[in-house]
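Accompanying notes for the structure given below.
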Amino acid sequence: MRQPLIAGNWKMNTTKDEAIALVKELRPELDIINNTEKLVCPPFISLVAVREALVGSTVKVGAQNMYFEEKGAYTGEISPLMLTGICEYVIIGHSERRQYFREAGETISKKIAAAIRHNIRPILCVGENLGEYEAGQTREVVSDQLKSSLSGVEKGDTLTIAYEPVWAIGTGKAATGKQANETIHLIRTFIAGRFTSRIADNIRILYGGSVTASNIAEFVAQPDIDGALVGGASLKAKEFTGIVKVTSQTRK
Ligand code: PEP
C-alpha cells in the first residue's frame, strides 16, 4: 500500500522570515496527521532555517532543483553534497525549469542519477503543454519525457514522479481526476517496462496542477494517484493543511 505524499513547491516565494513563519504555522496542524507524508520545498536560501524550524517534526524538507556535479566552477549552482543532511527530496525537471531555463533530457537524467547516488529522493516532473494536450499528444510527450529523463538512471526504487500538465499549473484549471489517473496509469506502465513491475507498484506518482483543498479528494480517490505536488496553494497554511487533511481522510 503506497502512502500518499503531499509536497508543497513554494517556487520563488517567501523571504527567510516568511518561510519560517509559514512553516511554524503548518507544523502543529501537519504533525498530527500520520497516514500521509508531508513535504515542503522552500527556496534554497531558506532551506537551513526551515530544516531547523522542523527539528522533531514529521514534515520533511525538499529542494526545488539541484545541479548534478558535487563541486567546482559552476557559479550559482547548488550541489547534492550541499543538500545532504538538509533535504530528503529534490524536485527535478519542473516545467518552469524546462521552460525558462531550458532544462531537458540529459541534464535532468544526470540530476536524477546524482540525487539517487546521494540518497536524496528525486521527484521527477513531466507533463504536456496546452498545444500538445489539444493536439492529443499527451501520451507521446509524457513517454518521451520519461524516456529521456530516465535515460541514465539505473535504480528506480527511490523515484517519485509528478504528472503536471503544464496547462493546469497556476491556471486554476485542474485536470479531472479521471484524466490525471489515465496518464498516471500510463506512467506506471512505462516504469514497469523501464525498471520492474515491483518498482512500478511501489513508487508514488503524484498529480500537480491547480490542486486545492476543494479538489484534492477527486485526485487521491483515484487508484493510481498517490498525492499531489502543490504550487500556489502550498503558500497558504490553511489551504495546504486542508489538502493534507482531506488526503488523509480520503485514504483512511
Ligand atoms: C507546480 O508548480 O508544481 C504546481 C502544481 O503549481 P500550482 O499548484 O500553482 O498549479
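Label point 7 Å out from GLU106 along Cα-to-Cβ: which residues of the range 143-172 have amide N under 18 Å?
Of the residues in the range 143-172, 145-154 have backbone N under 18 Å from the label point off GLU106.
Counting only protein heavy atoms, what percent of the accessible surface of the range 30-116 is carbon or sulfur at a 1.4 Å probe?
Carbon plus sulfur share of accessible area: 54 percent.
Determine how large the accessible area of LYS110 is when every protein chain is in place; take a 1.4 Å probe and give Å² rounded to the nearest 10.
About 80 Å², rounded to the nearest 10.
When the solvent-accessible surface of protein heavy atoms is calculated with a 1.4 angstrom probe, in what order do SER214, SER149 fall, highest first?
SER214, SER149
Please give the length that would be gained between THR84 and ALA192 if that part of the chain were fully extended, namely 0.36 nm times their separation in residues minus their C-alpha to C-alpha distance (nm, one decimal).
Length difference between fully extended and current span is 36.0 nm.
Mind listing which chymotrypsin sites (Phe, Trp or Tyr not before Pro) in the range 24-104 are in a DSSP loop and have 13 or fewer other Cβ atoms within 10 Å?
Counting only loop positions with at most 13 other Cβ atoms within 10 Å, the chymotrypsin sites (Phe, Trp or Tyr not before Pro) in the range 24-104 are TYR74, PHE101.
Could you name the lysines whose alpha carbon sits less than 21 Å from that of LYS111, not counting residues in the same chain fewer than 8 places away?
Those lysines meeting the cut-off are LYS11, LYS60, LYS71, LYS147, LYS155.
For GLN137, what residues show an amide H to amide H distance below 5 Å, using hydrogens built from the backbone and excluding near sequence neighbours?
Here the answer is none, since no amide H 5 or more places off falls under 5 Å of that of GLN137.
Using only Cα atoms, locate the centre of the range 1-18 and the centre of the range 166-234, then give the distance between them in Å, rounded to an integer.
16 Å
For the chain, what relative contact order do you get, as a whole percent, if you take Cα pairs closer than 8 Å and at least 6 residues apart?
21 percent
What lysines does LYS178 reach when the alpha-carbon gap must be under 23 Å and sequence neighbours fewer than 8 apart in one chain are set aside?
By straight Cα distance, LYS178 reaches LYS245, LYS252.
Apply the Karplus parameterisation 6.51 cos²θ - 1.76 cosθ + 1.60, with θ equal to phi minus 60°, to every residue of the range 27-37 and state each ³J(HN,Hα) to the nearest whole Hz, in sequence, with x for glycine and proline.
The phi angles translate into 3, x, 6, 7, 4, 8, 9, 10, 9, 9, 7 Hz.
What's the long-distance tail for the chain, i.e. % of Cα pairs beyond 22 Å?
That fraction is 50 percent.
How large is the accessible surface of ASP31 in square angstrom, using a 1.4 angstrom probe and rounding to the nearest 10?
The accessible area comes out at roughly 50 Å².
How would ARG102, ARG2 line up by accessible area, probe 1.4 Å, largest first?
Ranked from most to least accessible, the order is ARG102, ARG2.
Tell me the Rg and the Dmax, in Å, that the Cα atoms of the range 1-128 produce.
Over the range 1-128's Cα set, Rg and Dmax evaluate to 14.6, 44 Å.
Using Cα pairs under 8 angstrom and six or more residues apart, how large is the relative contact order of the range 50-168, in percent?
25 percent
Could you grab the relative contact order for the range 146-252? Cα pairs under 8 Å, six or more apart, rounded to a whole percent.
Reported relative contact order: 28 percent.
Report the Cα centroid-to-centroid distance between the range 19-68 and the range 113-130 in angstrom, as an integer.
Centre-to-centre distance over Cα atoms comes out at 18 Å.
Taking 1 over the mean of 1/r across every pair of different Cα atoms in the range 191-252, what Kirkwood radius in Å do you get?
Result for the range 191-252, one decimal place: 12.4 Å.
Once amide H atoms are placed 1.01 Å from N in the peptide plane, what residues at a sequence separation of 5 or more from VAL90, or on another chain, have their amide H within under 5 Å of its amide H?
ALA63, ARG121, ILE123
Please calculate the 1.4 Å probe accessible area of MET82, with all protein chains present, and give it to the nearest 10 Å².
Counting only protein heavy atoms, the figure is 100 Å².
The values are calculated or read from the model by the stated rules, or taken from the named source; none is laboratory data. The model shown is predicted, which means the values in this text are computed figures rather than measured ones. For neighbour counting, all protein chains shown are included, and Cβ atoms are generated from backbone atoms with ideal geometry for every residue, glycine included. Please note that ligands, DNA and RNA were not included when accessible areas were found on the heavy atoms of the full protein model with its side chains. Shrake-Rupley method; radii C 1.70, N 1.55, O 1.52, S 1.80 Å.
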